[in-house]
1. Can you list residues whose amide H is under 5 Å from I40's amide H, if they're 5+ apart or on another chain and H is modeled 1.01 Å from N?
2. If you average the C-alpha positions of the range 114-134 and of the range 1-64 separately, how far apart do those two centres end up, in angstrom?
3. Find, to one decimal place in angstroms, the Kirkwood hydrodynamic radius of the range 1-102, where the mean of 1/r is taken over every pair of different Cα atoms and then inverted.
4. Cross-link candidates for K65: which lysines have Cα within less than 17 Å, leaving aside residues fewer than 8 places away along the same chain?
5. For labels at R27 and F106 in the simple 7 Å Cα→Cβ model, what's the distance in nm?
6. How large, in Å, is the chain by the Kirkwood hydrodynamic radius built from its alpha-carbon pairs?
7. Would you pull out the residues with amide H under 5 Å of I157's amide H, same chain only if 5 or more places away, H placed 1.01 Å from N?
8. Mind sorting S136, S146, S46 by how few other Cβ atoms lie within 10 Å of their own Cβ, fewest first?
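No lab work stands behind these numbers, since they all come straight from the coordinates. Please read these numbers as outputs of a predicted model, since none were measured by experiment. FYI the Cβ positions are ideal-geometry reconstructions off the backbone, even for glycines, and counts take in every protein chain you see.
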Amino acid sequence: MGFITNLRIRLGKRFLNKEAAKLYRRRKAVNLEATREIGILFHMQSEVDYDRVCRFSRELQEVGKRVQVIGFYDYRKLPPYYAQKLAYDIILPGHLDIFYRPKVDFVAKFIEYEFDMLIDLGTSDDFPLHYIATLSKAGFKLGRSSGEGGLPYDLMIETGNLIESDELIRQIVHYTSAFKLE
């Protein structure tokens, strides 16, 4: 990334921290079995990433979960493999302001919706997804640990070197299914 891009992202993070300081949400740890509504964030870099998230979303829907998905795509036009689905929205570069904050209606609705669980499959380098995860009013937020402070998650999965989303999904399912809440 260039100097200007880094500066714009740093300013975006500063604005995000100010917004996050005012945020109130009801935190509630839930296991995957008890969850009814799930929000998923992911970075769509290839058809493989898209297929992974579609498969994971379909598995959740088959067991009665309501799933809403937002993906971030780096290019101006949607790829040919992307099939428009009702519960899927994609953020394109044209949807971002000068500080890389998403400024479209579906993002605002996603942030305001109180999901039982929010699963962020992106990395902390994906600032538009990090922005959404930080401001989301979801009761229980899950994502990967990057060693950075200030991550918005209630449960972080240590990933070491960057692992595939498949492995992260398996770990999230394992850990959220393993604990019992009274």
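1. Answer set, sorted by chain and number: Q68, V69, I70, I119.
2. 2
3. One decimal place: 16.0 Å for the Kirkwood radius.
4. Here the lysines satisfying the reach criterion relative to K65 are K85, K141.
5. 3.1
6. On the way: mean 1/r = 0.0598 Å⁻¹.
Evaluated on the chain, it is 16.7 Å.
7. Residues meeting the amide H criterion: G143, R144, S145.
8. Working: S136 22, S146 15, S46 11.
So the residues, fewest neighbours to most, are S46, S146, S136.
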